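Single-structure report; data block below.
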Amino acid sequence: NTFDSADSLADFTQYRGTWGVVDGAVQLLSDPDGKNTYILYTGKDELTSLTDYVVEVDVYNTQSAAGLVARADLDSVHGNAQHGYCGYLSMLDVNGYTALFRAANAAGTAVTLFNTSHQMFRHASDIRITIAVRGNLVHTLYTDLHSGTALWGWTERDETWASGSF
């Protein structure tokens, strides 16, 4: 999905905020609660039940925490929970000092599988976040968009979520 028009969001459900397409990119337009807001792909069943795939997102001018979710269980979404998704999350912190990877359980509680506290990027950086899932192998990678330099990567075998959306 290139997110080149407002129609690009038609297959996504928005939780706890309003998202829109601005200048060919998805942006959070409003965040009334000041809490975690996210969008999940809820379109075609064959894509919401995928087991093996790679999903990536380019995050420009990082000003707040941002992340990418894979294998989200759409039947277990907690729209009002702090972490309403249920699946794997690869996230970068506001200040560039924390990268984490975690699985949220069916109660909406996040279980951190790994995190690091070294500074991997500067505020206002442009970062690509990638998650690849195949079987019980989950891989996450952060890359600087301009230099192509890998900033941080992590691979883990985990059985928490076998399939799902992104």
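The values are calculated or read from the model by the stated rules, or taken from the named source; none is laboratory data. On a predicted model such as this, the values are computed, not experimentally measured, just so you know. Neighbour counts are summed over all protein chains in view; Cβ atoms, including those assigned to glycine, are modelled from backbone coordinates with ideal geometry. Just the protein is used for accessible areas: all its heavy atoms, side chains included, with ligands, DNA and RNA removed. Shrake-Rupley method; radii C 1.70, N 1.55, O 1.52, S 1.80 Å.
Remarks
- Taking the conditions (1) modelled with pLDDT of 75 or more; (2) surrounded by fewer than 16 Cβ atoms within 10 Å (Cβ to Cβ); (3) more than 22 Å from Thr2 (Cα to Cα) in turn, Tyr88 satisfies each one other than (2).
- No other residue among Thr48, Thr62 is open to solvent by less than 30 Å² (accessible area, probe 1.4 Å), hydroxyl-bearing (Ser, Thr, Tyr) and at pLDDT below 90 apart from Thr62.
- Selection of first residues in segment 37-54 that are of a type in the set (D, E, K, R) and of second residues that are surrounded by 13 or more Cβ atoms within 10 Å (Cβ to Cβ) and not in a loop (DSSP other than H, G, I, E, B), restricted to Cβ pairs under 8 Å at least 6 apart or on distinct chains, gives the following pairs, ordered by first then second residue: Asp52/Val133.
- Candidates are the residues of segment 1-27 that are more than 29 Å from Arg134 (Cβ to Cβ) and open to solvent by less than 70 Å² (accessible area, probe 1.4 Å); the one that is modelled with the lowest pLDDT is Arg16.
- In segment 138-166, the qualifying residues are those that are aromatic (Phe, Trp, Tyr) and over 19 Å from Ser125 (Cβ atoms), and the one that is most open to solvent (accessible area, probe 1.4 Å) is Phe166.
- Some residue of segment 2-13 being within 15 Å of the chain's Cα centre (by Cα) and over 26 Å from Trp152 (Cβ atoms): yes
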